[in-house]
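No lab work stands behind these numbers, since they all come straight from the coordinates. In this text, all values refer to a predicted model and were calculated from it rather than measured experimentally. Because the Cβ atoms are built from the backbone with ideal geometry, glycine has one as well, and the counts that use them run over all protein chains shown.
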Amino acid sequence: MEVSKILERLGVKALTLMQQKAMETYAKEGDMVLLSPTGSGKTLAYLLPLVLNLTQEEGALALVIVPSHELALQTDSVFKKMGTDFKSMTCYGGRPVMDECRKLKSVRPNVIIGTPGRINDHLYRGNVDGGTVRVLVIDEFDKCLELGFRDEMNRVISKLPNIRKRVLLSATDAPEIPDFVAVENVWRIDFLEQKEPVSGLKMYRVQSSGLDKLNVLYRLLCLLGIDRTLVFVNYRESAEQITRYLQKEHFPCGMFHGGMEQDLRERSLCKFRNGSCPVLISTDLAARGLDIADVQHIVHFHLPVSEEVFVHRNGRTARWQSGGEVYIMLDSDEELPVYIKNDIPVFDLPVRVPELPKLQWTTLYINKGRRDKVNRVDIVGFLYKKGLLGREDIGIIDVKERYSFVAIRQERVKPLLALIGGEKLKNMRVIIEEAR
């Protein structure tokens, strides 16, 4: 398969220097460690040479291990968009293991993308034959090989006796790679050495006192308007507290942290990506591994616990030559950490802030998904024919396993719901409502 055809399907005009180097290095004998900043295109850097070197043997030929189910889904989406003849599948916790077992038998994927615990479960049950795996990829290996994951990773790798190539990727350098990973003749590609600040990234400090910090955040967000904004906190409880406060003030926002149910996390991400929810309050779970385009603002409600976390958080904006702004909120008794320059300007909030502009998009929930053989084309056709919508009325569509989300122009939502009430999608009765 030609590289140009794959890039055309992905909408990529040309490979970056890092991706070209990864292509060249992958072709060499031995294992590969790729270090490159968040948002630099590491997923394509390894998927492209991976698919070009896959064969038509039976069984799972490549295993990609990631630390979160969001990154698994994101990686699988890129793989499928490449349009190769090879099949892929995701495996991760938070959904029934037997559903995945049945799908593994019917799909017979060549590439499996999953989290350590669930991959280990399938290897133990015999749902995946570790003997057929030739390539092992560990994305965000610094995260996957942390103490909390090490035992799971050790068990997974011990069940893969025929690995010919190991590829490890990260946005930060790990102090060591454990012996059980068994990397040999390692080719190291390091694009982390450039320490210059990201072009187009502006930083500000926002002063507050402990008692009015929530109000200061609310006023700041009103000033930023409906630009896509990520607010980072250090604790799940803080994310919940801030979300409750903003919702009480009728400010549209979503929440994202590891203690949420999977479907609620997916719903928050979908609404944030499609523009129907401009602000996402998140722990550092959203600081890496997520592909969210056009994030204009990063707000550090809590100071990051380390320089590494600071870099990852800020990496969500000012990507691919675009601009971005970072706001660091400080209580009266807080000082900037040593790794943040002390000369960044203070952002003075005006006494009166503007009202929030009207949102352009609303997200609809549809209780059918891939399991029901529903795809984007089906949804668009249904909305065109039954809902009398035009192309400009429909935004981003996310089709999940059991349900789907679709962004609709806000002014078209009420007439649309009136028109499609009782109508069938692919001869199936469906529930279609605003996603809360």
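Once every DSSP H run of n ≥ 4 in the chain is given -39500 (n - 2.57) and the sum is divided by its residues, what mean residue ellipticity at 222 nm do you get, rounded to the nearest 500 deg cm²/dmol? Write down the numbers at each step before the final one.
On the way: 14 runs with 142 residues, N = 436.
Helices in the chain give a 222 nm mean residue ellipticity of -9500 deg cm²/dmol.
Computed about its Cα centre, the charge dipole of the stretch 3-190 is approximately 700 debye, with only Lys, Arg, Asp and Glu carrying charge at their Cβ. Annotation: lysines with alpha-carbon distance below 22 angstrom to residue 202 (same-chain offsets under eight excluded): 213, 341.
Each Lys and Arg contributes +1 and each Asp and Glu -1, all at the Cβ; summed about the Cα centre of the stretch 387-436, the dipole is approximately 180 debye.
For the pair residue 190 and residue 436, a Förster radius of 45 Å applied to the C-beta separation gives a FRET efficiency near 0.50, rounded to the nearest 0.05.
Using the Cβ-Cβ distance between residue 57 and residue 392 with R0 = 51 Å, the FRET efficiency computed as 1/(1 + (r/R0)^6) comes to roughly 0.65. Among 187, 361, the ranking by other beta carbons within 10 Å of each residue's beta carbon, starting with the fewest, stands as 187, 361. Of the GluC sites (Glu not before Pro) found in the stretch 28-101, those in coil by DSSP whose Cβ has at most 14 other Cβ atoms within 10 Å are 29, 57, 58.
Taking R0 as 30 Å, what FRET efficiency do you get between residue 245 and residue 367 from their Cβ-Cβ distance, rounded to the nearest 0.05? Once the sixth-power term is evaluated, E becomes 0.45. Checking every one of the trypsin sites (Lys or Arg not before Pro) in the stretch 366-428 against DSSP loop status and a limit of 11 other Cβ atoms within 10 Å picks out 373. When Cα extents along the principal axes in Å is calculated for this entry, the matching label among (i) 110, 58, 36; (ii) 65, 61, 39; (iii) 84, 54, 50 is (ii).
May I ask you to compute the full-extension gain from residue 343 to residue 216, defined as 0.36 nm times their residue separation minus their alpha-carbon distance, rounded to one decimal in nm? Spell out each step's value before the answer.
Numbers: separation 127, 0.36 × 127 = 45.72 nm, distance 2.15 nm.
Net length gain for the segment: 43.6 nm.
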